[in-house]
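Take a look at the structure set out below.
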Amino acid sequence: MTVKATFTAAYPEARRIAEFLERDHAESGVAVSLSEADAQTWAVEAYVDGDDTDSVAAMLTDGLGMDGFAAPLRVEVLPDTDWVAASQRVLAPVSAGRFLVHGSHDRDAVPAGRILIEVDAGEAFGTGHHATTAGCLSIIDGLIGTRRFANPLDIGTGSGVLAIALAKANRAPVVATDIDPVAVRVARGNALLNGVANRIRLVQAKGPGHAEIRRRAPYDLIVANILAEPLCRMAPAIAPLLAQDGVLVLSGLLPGQRARVVAAYAGQRVALVKAHTLNGWSVLVLKRARV
């Protein structure tokens, strides 16, 4: 039997819960998924072998700080099922411009003539199925269609989907960073799987002020698919990394957060060029303002 525990919370809390469970319970065989329930709420689902809901709930909430997260928890016993196969059926290939993101289970069924990115759901955030990642892929495809970028940077790379897309389509070295060492490890494995490990320089960094990131600046393309709050907070550090003719792509924000993010970068003389909305999430394209 399998016990399914579901936490529901706003995205920042949900992601922290998922990261905590993956970090502290991976060796116990706990499988964790993070998915969007609606525009305001995300679900963290943890699958544990057994049939004792009380003990599973206690194990998962121990050390989590539920008072701080205030995330409701629902625990239920599920019948025996091949959950790996079931989850793979849900994660169908995602098309975004010329890119097609797929899992290993669809490797033999993907069509020819597309730029393929193989990524399985795992420890790091990002399989291409969320609207923010798909929206960024579409924007990247359009940008690469107009010019070649010699020095791109991917901030908050997660599983490495956007960095892999840039390395494959743009065929130039990419610097990719993440605060999470697990994400860096997973992204490195995905880059190797997709045949572009030699084009992606992965850096574990708390932010864009990291010495290795600054040393390789300026960047003619910067992509940051994170969240509105850190995007605003990091504007003074991200803007100086952008080349004079560079393009900045920001995502991970809801339409209602757009004005605040645009204002943060306008204060750094980086102006909005266009905005793209997909399934309730925004992707912004900005360039350095002319003086």
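In table form, for the structure just shown:
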| item | result |
| --- | --- |
| Failed item, numbered, when Gly252 is tested on (1) at positive phi; (2) part of a helix (DSSP H, G or I) | (2) |
| Filter result for Arg233 (farther than 21 Å from Thr146 by Cβ and over 21 Å from the mean Cα position of the chain (by Cα)) | no |
| Residue within the range 166-173 that is buried (at least 24 other Cβ atoms within 10 Å of the Cβ) and out of contact with any strand residue (DSSP E or B) (no Cβ under 9 Å at 6 or more places or on another chain) present | no |
| Criterion: of a type in the set (D, E, K, R), at pLDDT 85 or above, surrounded by fewer than 17 Cβ atoms within 10 Å (Cβ to Cβ) and not assigned by TED's automatic domain parsing to the domain that holds Ala183 - qualifying residue of Asp62, Asp38, Asp52, Asp24 | Asp52 |
| Any chance Leu60 is more than 21 Å from the chain's Cα centre (by Cα), aliphatic (A, V, I, L, M) and closer than 26 Å to Pro181 by Cα | yes |
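The values are calculated or read from the model by the stated rules, or taken from the named source; none is laboratory data. If you're wondering where the values come from, they're calculated on a predicted model, not measured in any experiment. As a convention, Cβ positions derive from the backbone with ideal geometry for all residues, glycine included, and neighbour counts pool all protein chains shown.
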